[in-house]
Amino acid sequence: MKKLLKVFMVLVLALSALPLHAETGPVVLRNKRISIISPTLVRLEYAVEGRFVDEKTHFAQNRPTTTEYVLTREPNDWVVISTSKFTLRVQDDNLPFAQMNTKFIFRHKGKEVNFVPTARPSGQLWGAIATLDRVKKAVPREHGILTKSGWYFYNDTNTDLIINDQLQMRDTKNHLQDFYFFIYSQDFAAAFKDLGTISGHVPMTRKYVHGVWYCRWWDYTADEFLGVIDGYREHDFPIDNIVFDMAWHTTDATRGMGSSRRYYWTGYTWNKKLIPDPKGLIDEIHRRGVTVSLNDHPHDGIRPNEATYTDFMKAMGADTTRGNILVFDPSDPKYMENFFRYAHHPSEDIGVDFWWLDWQQNRIFNTVRGTRTPILRWINYLWYKDSQRRGIRGAGYSRWAGIGDHRHPIQFSGDAYANWDVLAFEVDLTATSGNAGCYYWVHDTGGFYGGTDPELYARWTQFSAVSAALRVHSTRRKELDRRPWCYGPEAETSARRSYHLRSQLMPYIYSSVRTTHETMLPLNRAMYINYPTVNEAYKQPQQFLFGELLLAAPITSPMNPETKLGSQKVWFPKDTDWYDFFTHERQEGGNTETISKDLNTFPLYVKAGFPLPMQPYTQRPATTPLKTLILRAYPAEVGHEGSFTLYEDDGISLDYEKGAFAKTQLKYQRAELQGKPATIITIAPTQGRYKGQELARNYRLELPIIKPKRVLCGKQKLKAEWDKTLNCWIVTTATFPIDKEVVVTVYEQ
């Protein structure tokens, strides 16, 4: 009898441990709720009264629970939840998640790893920083979602909820735990995908924000602003956007909280002494193909000196006796509705394209009134949302407000000092910031404070040429004008090459921006994101991938005074060969080299065997129609195939959300034809349509290294011409409709 009972008990235990079936949806264990958001992301909640949270937070915008998992039950109230990537063991004990009742198990680097909720991963790979204001050297950064441990913990417990577009404090007496665990091992792409799933994808930006900007804190007149644009043309530099800093508005306020012991930071009434006809000036700037953005310090709100003060106060139902001033209050929907109506919209109605939210007043306003939310986090959201009111894409331009702020691009890094240490730190920071979703830094090229060294300026410009935008800015000093022709002929020549590079790369850059939107992979990404299993990839803070095809290692130290060369250590990933964009010199993958360059170039390499899309140089890189598509291709081994997708849309509307965009697959092949190597470039028919689309274009192939013998486009013979300036062969096709496949075969000698 005892033997039969023993066999029966073993059978019961065995059956209880068997997987039931694949399940979806949350697992509720009394006061615990477990949500499997993806195979690599899980949410754990503990609510004393069993009331869980489904509302949005700044971090969590979506919480899908459709991922399949297997649930089993074991003795002593243990519940086991398994996805394809991890296993979670939780005890159904009605207690919060802790070290004795919860354990995660996953495989990392070929080994089984486990951790408990109270543990924290080691090997943090770092993220972004709120601002570089007054920074003189490298400073600590915030966490990103990537770690060498293969997992990351995010605590969303005490953050405010967003209900009906308003902040609301959650019931922290009930909702005690709101934890997220990213468990990705070395699949960093999965971590970024999860960030997009839970926090929303980074939206498509307005195309022109990725172009060339001019900004300076200076009291420019209308004629001087036009003179700046003229100067860019006369000196052969492109420009897409011009920023009006604080002098655009009046500075006659005599009351307010102020900033830096001045009343004049906040203002919304045009300074007619400098700009007598604001609309006329903006119209003329637009006629020249340049956009306009305005500086904004909103902390003092709308004061009695503003032209719209009376109308604003009337709309608020507020008393104007004795020049009453309402405290700037982003927690109040009525206040913000009227603030935008009377502070922003009048300038937008005469053509202002977007605002630079230059918020630095955290010492006055730390959090939104009545909430725990940092004020910068909320006003970034409000400014971005209002910028969409005319049915166009949002345009944020502000300091970084933490994970989740990627939904309000782009980011302004603040007022840093000009020195080599800051330049080196900005390169490193730009590569790691994407780990937190801060994808689009716009730095002050040349630095904000100080900096008259032409070499430093030229090297900073090279770095900005392979960043989210090429923008200059400086403080209010006569000698600090960052126009590239102000630093002597050598620096001007160097900067011109960087500016032209930026202009030519725009099709590639904008296509890469689309890739970031779709995949959440950073535009400027640290090497380990693409090469997570290679130790060398973690040792290169001064280089990054710029999209999928370009490897950049900006020079961040002074040149050797004898050789007149600057140097940077560069690691070349082993999966391919890499070619110098400027000299076409080949670097074999798998090596680390010290690369030396004169002032005119820097280490910038193209991945072999892929078509790099570019455009002819234009002074308006972000808006000139793409009538000639340049494809540069460096040779790979025979048998190699590589492709890149060109992305296009109207650059400004929200129609891309409705499918109004176009994609064109660009394909490279190296094959053996007639006993010799041949390069085959295929431009597939364009898929998709959008308003203003170019329906026909020609193609120009830039073919370094190889020696063409015969070139065919279909059956038509084409001529290969040697370009002495580019030091490569050029093949130009006729103009074709974009819906026609074009195949160019280059038979090599």
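Over the chain, what percent of the accessible surface lies on carbon and sulfur atoms, probe 1.4 Å?
51 percent
Once you have a ≥ b ≥ c as the square roots of the Cα gyration tensor eigenvalues for segment 590-693, tell me rounded if a/c is under 1.5, and otherwise prolate or oblate according to whether a/b is larger than b/c.
Cα axes put segment 590-693 in the oblate bin.
With an 8 Å Cα cut-off and a minimum separation of 6 or more residues, compute the relative contact order for the chain in percent.
For the chain, the relative contact order is 10 percent.
Rounded to a whole number of µm²/s, how large is the Stokes-Einstein D of the chain at 20 °C and 1.002 mPa s, given Rh as the Kirkwood radius over C-alpha pairs?
Details: Rh = 28.3 Å.
D = 76 µm²/s.
May I ask for the net charge around W460, where only other residues with Cβ less than 10 Å from the Cβ of W460 are counted and Lys, Arg are +1 while Asp, Glu are -1?
Its environment carries a net charge of -2.
Report the full-extension gain for the segment T65 to K658: residue separation times 0.36 nm, less the Cα-Cα distance, to one decimal in nm.
211.0 nm
Pairs to check: K569/K663; K193/K691; K272/K691; K334/K385; K272/K314. Give those whose C-alpha atoms are more than 27 Å from each other in this structure. Provide the component values of the computation, followed by the final result.
Working: K569/K663 36 Å; K193/K691 30 Å; K272/K691 37 Å; K334/K385 15 Å; K272/K314 25 Å.
As for pairs spanning more than 27 Å Cα to Cα, those are K569/K663; K193/K691; K272/K691.
Counting only helical runs of four or more DSSP H residues, what would the 222 nm mean residue ellipticity of the chain come to if each run contributes -39,500 (n - 2.57) and the total is spread over all its residues?
Working: 13 runs with 142 residues, N = 749.
Helix-only estimate at 222 nm: -5500 deg cm²/dmol.
In whole percent, what relative contact order does segment 452-535 give with Cα contacts below 8 Å and a gap of six or more residues?
Answer for segment 452-535 is 29 percent.
What dipole magnitude, in Debye to the nearest 20, does segment 575-709 give about its Cα centre under +1 on Lys/Arg Cβ and -1 on Asp/Glu Cβ?
About 600 debye.
So if I place +1 on the C-beta of Lys and Arg and -1 on the C-beta of Asp and Glu, and nothing else carries charge, what would the dipole magnitude of segment 359-414 be about its Cα centre? I want it in debye, nearest 20.
The dipole of segment 359-414 has a size of about 120 debye.
Please arrange V534, V243 by accessible surface area, largest first, computed with a 1.4 Å probe and ligands excluded. Don't skip to the end; give the middle numbers.
Numbers: V534 55, V243 0 Å².
Of V534, V243, the descending order of accessible area is V534, V243.
Along the charge dipole of the chain, Cβ charges K/R +1 and D/E -1, which of M316, T519, I229 sits furthest on the positive end?
About the Cα centre, the residue reaching furthest to the positive side is T519.
Which whole number of Å³ per residue matches the convex hull of the alpha-carbon atoms in segment 440-527?
It is 98 Å³ per residue.
Below 8 Å between Cα atoms, with a sequence gap of 6+, how large is the relative contact order for segment 276-330 in percent?
Once divided by the residue count of segment 276-330, the mean separation gives 30 percent.
Which FRET efficiency value, to the nearest 0.05, is calculated for A315 and S567 with the Förster distance at 60 angstrom and r the Cβ-Cβ distance? Mind showing how you got there, number by number?
Numbers: r = 61 Å, r/R0 = 1.01.
Between A315 and S567 the formula returns 0.50.
Can you give the net charge of the other residues whose Cβ lies under 12 Å from the Cβ of E748, counting K and R as +1 and D and E as -1?
Around E748, the charge tally is +4.
For segment 199-339, rounded, prolate or oblate, judged on the Cα gyration tensor with a ≥ b ≥ c (square roots of eigenvalues), a/c < 1.5 rounded, else prolate if a/b > b/c?
Prolate shape, in that a/c is at least 1.5 and a/b is the bigger ratio.
Under the 0.36 nm per residue contour assumption, what length would be gained going from the current alpha-carbon distance of K539 and D187 to full extension?
Working it through step by step, the gained length comes to 124.9 nm.
For K173 and A307, what does the FRET efficiency come to when R0 = 51 Å and r is the distance between their Cβ atoms, rounded to the nearest 0.05?
In this case the efficiency is close to 0.60.
Note down the magnitude of the dipole of the chain about its Cα centre, charges +1 on Lys and Arg C-beta and -1 on Asp and Glu C-beta and zero elsewhere, to the nearest 20 debye.
For this selection, approximately 1260 debye.
For segment 519-560, what number results from the quotient of the Cα radius of gyration and 2.2 N^0.38 Å?
This ratio for segment 519-560 stands at 1.27.
Calculate, for the chain, the solvent-accessible area per residue in square angstrom, rolling a 1.4 angstrom probe over the heavy atoms of the protein chains.
Per residue, the chain has an accessible area of 40 Å².
Can you pull the one-decimal nm distance between simple spin-label points at K109 and Q687, each 7 Å off the Cα toward Cβ?
About 4.0 nm, to one decimal.
When a/c reaches 1.5 or more, the comparison of a/b and b/c decides; with that in mind, is segment 276-417 rounded, prolate or oblate per its Cα gyration tensor?
Cα axes put segment 276-417 in the oblate bin.
Place a point 7 Å from the Cα of D230 along the Cα-to-Cβ direction; which residues of segment 620-662 have their backbone N under 20 Å from it?
Zone members listed by number: 620.
Counting just the Cα atoms, what span does segment 537-587 cover along each of its three principal axes? Round to the nearest Å and put the largest first.
So the three principal-axis extents are 36, 26, 17 Å.
The values are calculated or read from the model by the stated rules, or taken from the named source; none is laboratory data. Note that this is a predicted model, so its numbers are computed, not measured. We place every Cβ from the backbone using ideal geometry, glycine too, and count neighbours over all the protein chains shown. Calculation scope for accessible area: heavy atoms of the full protein, side chains included, ligands and nucleic acids excluded. Shrake-Rupley method; radii C 1.70, N 1.55, O 1.52, S 1.80 Å.
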